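Undergrad: The structure under discussion is supplied below as structure tokens; questions concerning it will follow.
The values are calculated or read from the model by the stated rules, or taken from the named source; none is laboratory data. Just so you know, these numbers come straight off a predicted model, no measurement behind them. Cβ atoms come from the backbone with ideal geometry, glycine included; neighbour counts cover every protein chain shown. Ligands, DNA and RNA are stripped out before the accessible areas are found, and what is left, the full protein with its side chains, is counted by its heavy atoms. Shrake-Rupley method; radii C 1.70, N 1.55, O 1.52, S 1.80 Å.
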Amino acid sequence: LWHALHEEESGIDHVALFNDGDKKKTKKKIPGYTGGVYTADASPVARPLKLFNKVKNKGNGGDSPENDIEALVTGINAFPDAKEVILVADNRSCIRDFLMLQCLDRPIRIILTDTRKGINHQYINLAWKTRGSLHWENGELYDVESAIGSDSLTIQGEKYILSPDGWITPANRLGPGYGFCTRYYKAPRRRQKQKRRKEPKCYFTE
């Protein structure tokens with residue numbers, strides 16, 4: 001809506017919209033190959049609006065975690081000259097493909113929705129590791145590196161600390177800080193009978 005109202009001066013040149021795999025079953029969602037990512041130029045504004053409807057009608061992913069980083073990588077691959085990348089994210093959803101973090105080579109500016117129950121630590125880490133920034137309804141954080149300098153930081157009354165694995169996580173794992181998303185910092189265990197999965201690619205050629 002903001003871009004539509006300020007199209008000439010918004011500075012938004014392209015969009016990437018994603019629905020976490022169209023209607024793909026959860027067990028078939030492999031990091032880097034989940035799909036459901038579509039790109040378009042942002043002007044004229046009718047173009048991204050048409051794409052919104054297309055992506056919505058393609059499906060909603062079915063489960064809560066999302067393929068945020070695959071979408072970011074796909075967008076960067078489609079528009080490599082973009083120096084600023086903005087992610088509008090559902091704060092309540094985990095980033096299922098967080099292990100693709102090393103694929104990102106520029107700052108990610110993250111706008112979070114629905115932060116009433118705290119900030120999802122995965123998005124704090126995404127902003128931190130890419131030297132990006134966080135923005136939500138009642139505040140913003142531009143320099144996570146400085147904020148975590150004392151090995152802890154507090155956002156909206158919720159305390160976050162550095163874990164032994166080097167991630168920023170909620171101090172209270174039972175609190176509202178989305179502690180259950182920590183599972184996505186590690187590769188899932190493969191079952192003995194499970195076929196070998198593809199390793200995620202940073203840039204796609206298909």
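Undergrad: For the stretch 111-162, what are the residues that are of a type in the set (Ser, Thr, Tyr) and open to solvent by 20 Å² or more (accessible area, probe 1.4 Å)?
TA: As a first pass, look at the stretch 111-162 and keep what is of a type in the set (Ser, Thr, Tyr): 113, 115, 123, 130, 133, 142, 146, 150, 152, 154, 160.
Scanning the stretch 111-162 gives Thr113, Tyr142, Ser146, Ser150, Ser152, Thr154.
Undergrad: I'd like the full set of residues that are among the charged types (D, E, K, R), open to solvent by 80 Å² or more (accessible area, probe 1.4 Å) and either in contact (Cβ under 8 Å) with a residue 24 or more places away in the chain or touching a helix residue (DSSP H, G or I) at 6+ places or on another chain (Cβ under 8 Å) (or both), limited to the stretch 41-71.
TA: Our first condition is that a residue be among the charged types (D, E, K, R); within the stretch 41-71, this holds for 41, 47, 50, 54, 56, 58, 63, 66, 68, 70.
In the following step, the residues that additionally are open to solvent by 80 Å² or more (accessible area, probe 1.4 Å) were identified as 47, 50, 54, 56, 58.
Hits for the stretch 41-71 are Lys56, Lys58.
Undergrad: Still on this structure, please answer the following. Checking the conditions here, which among Ala16, Ala4, Ala82, Ala89 is in a strand (DSSP E or B) and open to solvent by 10 Å² or more (accessible area, probe 1.4 Å)?
TA: Values: Ala4 fails: in a strand (DSSP E or B); Ala82 fails: in a strand (DSSP E or B); Ala89 fails: open to solvent by 10 Å² or more (accessible area, probe 1.4 Å).
After ruling out the rest, the residue left standing is Ala16.
Undergrad: Then there is this: So Arg116 fits all but one of (1) outside any helix (DSSP H, G or I); (2) closer than 24 Å to Lys29 by Cα; what number is the exception?
TA: Looking at each condition in turn, Arg116 falls short on (2).
Undergrad: Residues of the stretch 92-110 being open to solvent by 60 Å² or more (accessible area, probe 1.4 Å) and assigned to a helix (DSSP H, G or I), which ones?
TA: Leu99, Gln102
Undergrad: Let me ask you something else. Identify all residues within the stretch 31-49 that are part of a loop (DSSP other than H, G, I, E, B) and more than 15 Å from Ile95 (Cβ to Cβ); write none if there are none.
TA: Hits for the stretch 31-49 are Tyr33, Gly35, Ala42, Ser43, Pro44, Val45.
Undergrad: Let me ask something additional. Taking Pro170 as the residue in question, decide whether it is in contact with a Lys or Arg (Cβ under 8 Å, 6 or more places away or on another chain) and buried (at least 18 other Cβ atoms within 10 Å of the Cβ). Before the answer, list the steps.
TA: Working: in contact with a Lys or Arg (Cβ under 8 Å, 6 or more places away or on another chain): yes; buried (at least 18 other Cβ atoms within 10 Å of the Cβ): yes.
In short, yes.
Undergrad: Which pairs have Cβ atoms under 6 Å, sit 6 or more apart or on different chains, and link a residue in the stretch 16-35 that is over 25 Å from Arg47 (Cα atoms) to one that is surrounded by 22 or more Cβ atoms within 10 Å (Cβ to Cβ)?
TA: Lys29/Gly21; Pro31/Asp97; Gly32/Glu70
Undergrad: Determine which member of the set Gly166, Gly149, Gly179 is at pLDDT below 95 and in contact with a Pro (Cβ under 6 Å, 6 or more places away or on another chain).
TA: Values: Gly166 fails: in contact with a Pro (Cβ under 6 Å, 6 or more places away or on another chain); Gly149 fails: in contact with a Pro (Cβ under 6 Å, 6 or more places away or on another chain).
Of Gly166, Gly149, Gly179, the one residue that is at pLDDT below 95 and in contact with a Pro (Cβ under 6 Å, 6 or more places away or on another chain) is Gly179.
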